[in-house]
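Please read the structure below before turning to the comments.
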Amino acid sequence: GSSPSSIYDVKESDEITVSPNGLFASSRVTNQSFNFGLEDKANVYPICRSAEVDFSEEPASPDEICIEKPDIIPAIQMAKILHRQLHDRAVAHQCAGSETSIMTHREAIKFLLKKDKPLLLPELEEHLRALKVLLISNTHWGILVVDKATGATSQDKTHHSRLIDSGALVVPNPNLPLLCYMKLWILSLLPLTLIFVVGLLAMYVIKYYIQYYVKRKERDKLDVYNMVEQIIDILVREQQDTLNGEIVYVPVNHVRDELIGSDPQAHTAVIWQQAVNYVRNHESRVRCDLQVVNGERCEVWRWVPRSVSTNPSWHGGVMKRNNKIWQGQAFDTTMSGSPNSLPCSPTPCLKIRHMFEPDVEFAEDWPVKIEDAVLEKCGEQGVRALHISVDRTNRDGCVYLKCASQEDAGRAYQALHGWWFD
């Protein structure tokens, strides 16, 4: 009989004369070729001690595994036979998506029985177990012994006995063909590509939503200003229809029913409420009050017009809407010696301020109307204007005017300075 001994390397001086050089090529994806012969110092052959061994030495650990010397050559020859089949299975699994790359103990026996010179089943079982011992001791050979049911490997010595008896064989890193390698590389990039495409789509959706939101806000703002204009038109009309200039209180609910009806859509109701807030907070020509109308206390509006004698916007009792006009001069600019009198401008270019308020201008052609009003006013003094521009976003309501000469700029100054424009 024999008993297990400690693992040691088989040297060239040992009694085995047949060297299995070249029987087993590396299955790793590398250009390096490994030598699995007995003379290769990297290989480990755990030979069992014979019965004649002196047992006065420290006994071996029960976890250590070993094989008989006569089983080494048949085990390595069996490795050569099984390696190609395992390698093909691994390639098919990774490249073609076959079910598994693992060859079970029973499948290995059936495969070996089909070879040209089959051995008896007990001999095959013995040589296959010997091969598993060598594979567990030489993991660098590229074939792993695994437990298919639990996934346990030879790294845990407590599983060695079960792996030797019933463990399965697998080549974890086969030498893949170029096309297969490229296919796997492309498939590995698909998640990143998908993430990139999804990111681009998300950015596009966010950009589209922001653009839509900005346009919607601008459209809502224009709708509010149009609603305010309609409210003022109704109040002006009601005031014009009165006799002897009596004060007319118009119920807010009546104006609402006339413009949007008593049961408006949700968006229209929001626009109406914003227009009401604008009139209440920004429109100085409309007074808000609480009055009893037809026995019911309700919120009312009343139009506060300027007198006909001092307000040029009234002509024949008709209010000109949508067109700003010159309403009068705050001080005289022609009086000699007055600080507001400028006989000759030092430059032909003028900066005219307070011509508009950018937050309340909503008509599409309001800059053109302001330009026309300035040119018309200057034309009354015979000013030759070369260029005029309205700075639409300027908070001071600036208009820039370039005249033909400094004298023309002086006359434009006298025609415009100190005038009310609304």
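When His127, His105, His160 are checked against the criterion of being closer than 30 Å to Pro70 by Cα and touching a Pro at 6+ places or on another chain (Cβ under 6 Å), a single residue qualifies: His127. For region 79-87, the criterion of being assigned to a helix (DSSP H, G or I) and farther than 19 Å from Asn175 by Cβ is met by none of the residues. Reported count of residues in region 82-123, each being touching a residue at least 24 places away in the same chain (Cβ under 8 Å), over 29 Å from Ser188 (Cβ atoms) and open to solvent by less than 30 Å² (accessible area, probe 1.4 Å), is 4. Scoring His267 on the criteria (1) touching a helix residue (DSSP H, G or I) at 6+ places or on another chain (Cβ under 8 Å); (2) under 24 Å from Asp359 (Cα atoms); (3) in a helix (DSSP H, G or I) leaves a single failure, condition (1). Would you point out the residue of region 373-421, among those that are acidic (Asp, Glu) and within 50 Å of the chain's Cα centre (by Cα), that is most open to solvent (accessible area, probe 1.4 Å)? That would be Asp396. If you go through region 129-143 one residue at a time, do you hit one that is in contact with a Ser or Thr (Cβ under 6 Å, 6 or more places away or on another chain) and either open to solvent by 70 Å² or more (accessible area, probe 1.4 Å) or assigned to a helix (DSSP H, G or I) (or both)? Checked region 129-143: at least one residue is in contact with a Ser or Thr (Cβ under 6 Å, 6 or more places away or on another chain) and either open to solvent by 70 Å² or more (accessible area, probe 1.4 Å) or assigned to a helix (DSSP H, G or I) (or both). Scanning region 253-296 for residues that are open to solvent by 40 Å² or more (accessible area, probe 1.4 Å), at pLDDT below 85 and among the charged types (D, E, K, R) yields Asp263, Arg285, Glu296. Select from region 230-252 the residues that are open to solvent by 80 Å² or more (accessible area, probe 1.4 Å) and in a helix (DSSP H, G or I) and write down the one among them that is farthest from Val304 (Cα to Cα). Once the filter is applied, the top-ranked residue is Gln230. Looking only at residues of region 45-65 that are closer than 21 Å to Asp165 by Cβ and open to solvent by 30 Å² or more (accessible area, probe 1.4 Å), we find that the one that is modelled with the lowest pLDDT is Ala60. Hey, among Ile206, Ile247, Ile231, Ile210, which residue is modelled with pLDDT of 90 or more and within 30 Å of Val286 (Cβ to Cβ)? Selected residue: Ile231, the only one of Ile206, Ile247, Ile231, Ile210 that is modelled with pLDDT of 90 or more and within 30 Å of Val286 (Cβ to Cβ).
When the criteria are applied in full, Asp332 meets the requirement of being at pLDDT below 85, on the phi < 0 side of the Ramachandran plot, of a type outside the set (Lys, Arg) and surrounded by fewer than 18 Cβ atoms within 10 Å (Cβ to Cβ). As a summary of the residue check, Glu357 satisfies the conditions (1) crowded, with 16+ Cβ neighbours inside 10 Å; (2) charged (D, E, K, R); (3) closer than 15 Å to Phe421 by Cβ except for the one numbered (1).
Which of the residues that make up region 149-201 are part of a helix (DSSP H, G or I), touching a residue at least 12 places away in the same chain (Cβ under 8 Å) and open to solvent by less than 70 Å² (accessible area, probe 1.4 Å)? His159, His160, Leu163, Ile164, Cys180, Leu184, listed by residue number.
The values are calculated or read from the model by the stated rules, or taken from the named source; none is laboratory data. Not measured: the values here are computed from a predicted model. Virtual Cβ from ideal backbone geometry, glycine too; neighbours counted across all protein chains shown. Please note that ligands, DNA and RNA were not included when accessible areas were found on the heavy atoms of the full protein model with its side chains. Shrake-Rupley method; radii C 1.70, N 1.55, O 1.52, S 1.80 Å.
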